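*Asks:* Starting off with a structure, shown below.
What follows is calculated from the coordinates using simple rules that are stated; it is not laboratory data. Bear in mind the structure is a predicted one, so any value in this text is a computation, not a measurement. Note that we place each Cβ from the backbone using ideal geometry, even for glycine, and neighbour counts take in every protein chain shown.
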Amino acid sequence: MAAVHGITWRIWFNDLARSLGSKNRARAFVSGILTAMVAWTAWSSVELGHQLGLDADMGWQIAAPVAGVVFTMPALATLMAVLYAPSRTLLTEMLSVLPVRQAHIRAAVRWLTVSVGYFGGLLVAGPLALQFVFTGSVRVAVAGLGYALFAALFGCLTTQVLIELGQVIIGRSLGRNGVIVQGISGLLTAGLLLFAFIGTLPMNGRESGGVLLPLGEVFAWLLGGPAPAWWTVTLVAAAPLVMLGVLQLLEWVPRPEFTAWHPILRWRRKRRKANDESFFRLELRQWLCFPSNAVLLLFVNGLCVAAVISAAIAGSDDLGLFYISLGVASALGIGCYGPTRRHHWIYRVAGQPTSWVMPKFMAVFVVWAAMMGFYGTALILFTDAQPVDLMMALPMLFVEMCASCILGLLLPVSRDQSIGGAVSEAVAVIGLIGLTFGLQSTLAASGSLFAIVLVQLMMMIAVVAAYFLTGRWMGLHRSEMAGQ
C-alpha cells in the first residue's frame, strides 16, 4: 500500500511539473496553494470567532451542530474524491498483471481518496473546529480539536462504506459496473449524508436530532456537558472500527466487470466530413466523454434536482441547498484540460497552438449556462424566488466557473492515474469555497448596489482575462517544448 501511495503521489507531482513546465514551478505552485489554504483557514477562523463569540460554557450547547459539520464536510470531500477518481487507471492496470490481489489494489486507492477527503474536509471545517481554541480553556481546546479529528475520520470511512455498498448493490442489480453505477451510488450517498446533517441543525424551534445525535452527545460530554448513556459512548467509540470491518467484508464481495456504459459514450452523431468538425464540438465531445466528468455531471445534476424538489416542497430555499448545488456545479471546469491534453498536438500541427483556448472555455460555459438556466428557471417557478435573486447570484457563480477552468488548466487531471483528478478536484473545490467566502465578504461590506454590480463586473472581466492569459501561456509553452 505504501508503494502504491508513493508512486501515485510522484506521478501527480510529475504531471503537475509537466503541466507548469518545470519542477521548481510545481514546487512553488504547491507551496502557494498550501500557504493560501493556511491563510484562508486562519482568516476565516478569526472572522467566524468575531461573529460566533464561542466560550467554554457555550461550547457543549452547540456540540451537535458542530459534530455534524466536522463529520459531514470530510465525508462530502471524500465523496467528491471518490467520484473523480477513475475506476481503472494506468497504475491499476499494471498492478493487475502482477501477483497482487485486486482487493489490495482497491484498498490502496481507497485510502488515497480517504486521505484527500480527510484533510480537505478538515480544512473546510477547520474554522469552526478552531473556535474551541479561542475559548481560553486548554481542556476544551484539546477535546474540541481531538474530537474533530475523530469525527472527520468517521465521516470519511462512512462515505466509503456507503458508496461501495451502493456500487455493489446497484452493480449486481444491473449486472454491470461503470460510471452510471458510480454516479447513482454517489448521489444516494450524498442524499443520506445531507439528510443526517440537516437533522443536527436546530431549525424552526426544534432541537438537534437524527442519526448523528450520539456524536453530538459524546462531544457535549467531552466539552463539559451532561454525560450520555454508556451505550452511546461505546457506539461512537467503536463506530470507525465497525466501518473498517464492513469495508473488509465488502472486499470479498464479487463485483461485475467495469464497462464504459453511460448515455454520453453511447451518443452517436451523424457522420460528418473532417472539415465540418469544429474545434468547439471536438472539445465539448471530449469533455463530456471523460468518465470522471460524466460521473461528476450526473452527480451535480442529481444534487440540483434534489435541491429544487426540496425548495419546491418547502416553498423556499431557507437552507441554501439550491445555491450550494449551483456552487458545486460551477466547479465543472476542473476537468476541462487534462482529459484532452494528449490531443492538443492537432492545434500545433495546424499552426494554431492556442486555438483550443476559446473552444474549451465555450464548451464548459455552454454546459454551465444550460444548468444555470434550467435549474434557475425551476427555482423561480416552484418557489417564491424572484428573477432578480438569480441574477444577483449569477455573476459570482460565473466567477467560480472561470476560476475552476483556470485551476483545471494548471492542476493535472488524467486518465492514467487515480489520485490526480481526486487531488485536483479537492484542491479546486476548497479553493472555490475560499474564493466564494472572500468575495461575498468583500461585497457584503458595501451597502451600495451600484458598487456591488461594478465590483462583480470587474471580477468577471479579471477572471476571464486570467483564463485566456493562462491558456495562451500554456499553449505557447507547450508548442515551444514540442519544437525542441
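*Asks:* In terms of modelled amide H atoms, which long-range or inter-chain residues lie less than 5 Å from the amide H of THR200?
*Replies:* Those lying under 5 Å, H to H, from THR200 are GLY209.
*Asks:* Still on this structure, please answer the following. Could you calculate the contour length gain from ALA466 to SER355, that is, 0.36 nm times the residue separation minus the distance between their Cα atoms, to one decimal place in nm? Display every interim value, and only then the final one.
*Replies:* Values: separation 111, 0.36 × 111 = 39.96 nm, distance 1.63 nm.
Stretched out fully, the ALA466 to SER355 stretch lengthens by 38.3 nm.
*Asks:* Which of the peptides 185-198, 396-409, 233-246 is most tightly packed, and how do the rest follow, going by the mean number of other Cβ atoms within 10 Å of each residue? If you can, show how the numbers build up before the last one.
*Replies:* Working: 185-198: 20.2, 396-409: 23.7, 233-246: 14.8.
The packing order, highest mean first, is 396-409, 185-198, 233-246.
*Asks:* OK, next. Tell me, what is the FRET efficiency for HIS50 and SER22 to the nearest 0.05, using R0 = 35 angstrom and their Cβ-Cβ distance as r? Could you put the intermediate results ahead of the total?
*Replies:* On the way: r = 42 Å, r/R0 = 1.19.
So, using R0 = 35 Å, E works out to roughly 0.25.
*Asks:* What ³J(HN,Hα) values, in whole Hz, does the Karplus curve 6.51 cos²θ - 1.76 cosθ + 1.60 give for region 110-124 when θ = phi - 60°, with x put for Gly and Pro?
*Replies:* Once rounded to whole Hz, the list reads 4, 5, 5, 5, 4, 5, 5, x, 4, 6, x, x, 5, 5, 6.
*Asks:* How big is Rg to Rh over region 106-188, alpha-carbon atoms, Rh as the Kirkwood inverse-mean-distance radius?
*Replies:* Working: Rg = 17.0 Å, Rh = 14.6 Å.
Ratio of gyration radius to Kirkwood radius: 1.16.
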